[in-house]
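S.K.: Dropping a structure here in structure tokens format, bear with me for questions.
The values are calculated or read from the model by the stated rules, or taken from the named source; none is laboratory data. The model shown is predicted, which means the values in this text are computed figures rather than measured ones. Positions of Cβ are backbone-derived with ideal geometry, glycine not excepted, and every protein chain shown enters the neighbour counts.
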Amino acid sequence: MCEDWIFFLTAKETELQYTIAQILRYKHESAQFVLLFLIQVLYKTGFMWYNIKDSMMQGGGGVRLDKMLSECGLASRKETARAVRAGQVTVNGVAAKRADMQVDPATDAVTFCGKPVCYRKYVYIMLNKPDGYVSATEDGRAPTVVELLPEEYRKMELFPCGRLDKHTLGLMLLTNDGQLSHRLLSPRHHVPKSYAFRVKFPLSEQDVTALEAGVDIGGYVTKPCTVSLSGEREGIISITEGKYHQIKLMMEAVHNQITYLERRTFGPLSLDPMLSRGEWRELTDGEITALSEQSSTTIL
Ligand code: URA
């Protein structure tokens, strides 16, 4: 039992190890338990204080070197510590001495394994989602959209902003900016999305009028939207909400069935025609600005 506790503490300091060794020699198992528990509490409190101190020190645009490298997807904190010991990390041309040293990404030149490090806290990616991929970071059964990205982006913990069904194609935004994502998905922001669709049976004028006015999709009446037909069984539908299976259910409400669905726009973003299915690119600065403006426009 006690060995597990020691593993959990992961303390490196010899003094602490010595103390624990003494406790383990102690006769009573329950006393060992209490003492180790106290050490754990102290250790955790110290660790918390360390993190608070760390974030306070970052006030002037500074960031810990290991945090910077992990946010860039280059190395975990442990790997950074190892690289620092091996002299593989430099700051302004000098080998870094500590993985927890403060650096200012705006002014300090950092290299990792000989390559300059370009620090970005958040990354925004436009992906052309192919068929059969699920909008998730992990799934036991189907491949996920995140698996379409190279390893360095996956390390940045990107997640899909909203979801498309497994068989829906097209524009998908992936980011690690939780706040922006939350704002874009919030029902209060009414971010418009448009989809190219095909349905099984011809859509009548009455169907279009009903869809545009709002249909019951199982206890919920959809908000007004626009439908523009380019043929009797295909067109573009633009909605400002994102209920689960919304467009499929809307078509079912008018006794039809979606056979093809591709998202073309998401707020100010349009699917880049240069991206083939499964391809991706980072958003431009202009697109990021437009997205963040969109997400701060609240319509109550
Ligand atoms: N509506 C749907 O039915 N599916 C999607 O993937 C997106 C919107």
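S.K.: Only one of D207, D216 is surrounded by fewer than 13 Cβ atoms within 10 Å (Cβ to Cβ) and modelled with pLDDT of 95 or more; which?
M.R.: Answer to the selection: D216.
S.K.: Condition first: more than 13 Å from the ligand (Cβ to nearest atom) and of a type in the set (G, A, S). Now tell me which residues in the stretch 242-285 satisfy that.
M.R.: Listed by number, the residues that qualify are G267, S270, S276, G278.
S.K.: Still on this structure, I have one more. Select, from V146, V199, the only residue that is more than 18 Å from L269 (Cα to Cα), more than 15 Å from the ligand (Cβ to nearest atom) and either at pLDDT 95 or above or outside the structural domain of M68 (by TED's automatic domain parsing) (or both).
M.R.: None of the other options fit; the residue is V146.
S.K.: Restricting attention to the stretch 103-118, which residues are surrounded by 15 or more Cβ atoms within 10 Å (Cβ to Cβ) and either of a type in the set (A, V, I, L, M, F, W, C) or within 20 Å of R82 (Cβ to Cβ) (or both)?
M.R.: Result: V103, V110, T111, F112, V117.
S.K.: Which of the residues spanning the stretch 278-300 are in a loop (DSSP other than H, G, I, E, B) and over 19 Å from K193 (Cα atoms)?
M.R.: G278, E279, T284
S.K.: Can you report the number of residues in the stretch 227-283 which are free of Cβ contacts under 8 Å to residues at least 12 places away in the same chain, of a type in the set (F, W, Y) and more than 23 Å from D207 (Cα to Cα)?
M.R.: Result for the stretch 227-283: 0.
S.K.: Now for a different question. Quick check on my filter: what residues within the stretch 149-184 are in contact with a helix residue (DSSP H, G or I) (Cβ under 9 Å, 6 or more places away or on another chain) and within 16 Å of the ligand (Cβ to nearest atom)?
M.R.: Hits for the stretch 149-184 are P160, C161, G162, L164, D165, T168, M172, L173, L174, L184.
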